[in-house]
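For reference, the structure discussed in these notes is given below.
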Amino acid sequence: MRPTKMTKTLLAMLFAFALVAAACGSDAADDAADDAGADSAATDTTDAADDAAGDDDAMEDSDEEAMEDDASDDEAMEDEAMEDDAMAEGFPVTIAHDGGETTIEAAPSRIVSLSPTATEMLFAIGAGDQVVAADSFSNYPAEAPTTELSGFEPSLEAIAAEDPDLVVLSFDTGEIASGLADIGVPTLVFGSAFSIDDVYRQIAEFGIATGHIDEAAAVNAEIRTGIDEVVSSVELSDTPVRVYHELDDTFYSASSNSFIGALYALLGVENIADEADTDGFGFPQLSPEYLLEADPEVIIFTDQVGYSADDIAARPGWDAITAVANGNVVQVNADVASRWGPRIVEFLETVAAELTKVPASS
């Protein structure tokens, strides 16, 4: 490190003091005293020089740290600017959805989501900061901007009050999308998925619509990996486990023609609702007699119905059902079970864990 001006001055004083001391006195005692004084003064001066140099080092280190902090801040700002630029690239885009095709001219920054599943997807792909309002049922993730907006009875005025530049719906009454189009707001309509491919497609489309294509691809890859891991963990037998998914106490169920049923099919189970779904609707209503005869080995219901596994077991004649007799009646989170977003892997894990509890001889 180059010496500063202060350090140079102190060193010059030290050299001058040494020369004066060498020229003074002639006898040994005086020389010794002078030498001692010179040594003491030299030591004091050296210490002062060292202290000054240390102060200079500290000042320079502080300056360097400040410069590094500034550089880090600059890099962060540059990275953010690059991300913004990258998001802006590729627009306009045209998205195919359940309501037709919609062109989005620029990366949206004020998204209103009136679909809990869409809200989960948007946050999963990194577009959460672009969501300014979500419907009253968008309770996940915790940072979702949940409002009083209704996804079932959407209000054009209430939506417009959020000043959106993109609106996402789970269904369209025929008036909302057209009304928003009249005021220049693009709308995407993504209804319930019917297959795993529908999930991947919707996530990918949201990635394109929001400028998060790579992030959406990463989420889809993660879901695929998660599903593969769960499926591979289930040991399939020659006799598939009989499963009954109960939607309510009037015995509506989900067959393999529904999205929930498609998830069960991945695990190789026998969905007892399939035989009753003669029209392929996906949600047949079963009867108590049908259920007793089908004798499910696993019964799955959600925490949205307002009753418990004990209530199910107490139904007349249900103590003879294998699932009830063996305690294989499990309650699952309704949101996880009903939404076709990134948490489908969590649902599959719950079902797979329950399948392992079924006795092999049942």
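What follows draws every value from the coordinates through simple rules; no lab data is involved. All values derive from a computational prediction rather than experimental measurement. With ideal geometry, Cβ positions are generated from the backbone for all residues, glycine too; neighbour counts draw on all protein chains shown.
Given the alpha-carbon gyration tensor of region 93-223, what are the semi-axes of its equivalent ellipsoid in whole angstrom, ordered largest first, with each equal to the square root of 5 times an eigenvalue?
Working from the Cα gyration tensor, I get semi-axes of 21, 16, 14 Å.
Mind sorting 245, 97 by how few other Cβ atoms lie within 10 Å of their own Cβ, fewest first?
Fewest-to-most ranking of 245, 97: 97, 245.
How much of the calculated P(r) for region 235-355 lies past 19 Å, in percent of all Cα pairs?
42
As an exercise, identify the GluC sites (Glu not before Pro) in region 131-217 lying in DSSP coil whose Cβ has no more than 14 other Cβ atoms within 10 Å.
Here the GluC sites (Glu not before Pro) that fit, given the DSSP loop and packing criteria, are 143, 148, 175.
With unit charges on the beta carbons (Lys and Arg positive, Asp and Glu negative) and the dipole taken about the Cα centre of region 240-302, which residue among 265, 296, 284 sits farthest to the positive side?
Checked the options; the winner is 265.
Specify the inter-centroid distance of region 254-316 and region 163-226, based on alpha-carbon positions, in whole Å.
30
For residue 188, enumerate residues with amide H under 5 Å from its amide H, sequence gap 5+ or separate chain, H modeled in the peptide plane.
167, 168, 169
Could you order peptides 119-131, 188-200, 103-115 by the average number of other Cβ atoms within 10 Å of their residues, highest first?
119-131, 103-115, 188-200
Can you give me the three principal axis dimensions of region 244-303 from its C-alpha atoms, in Å, biggest first?
Over region 244-303, Cα extents along the principal axes are 27, 24, 23 Å.
Efficiency by 1/(1 + (r/R0)^6): what FRET value for residue 150 and residue 292, r their Cβ-Cβ distance, R0 = 45 Å, to the nearest 0.05?
That pair, residue 150 with residue 292, gives E of 0.65.
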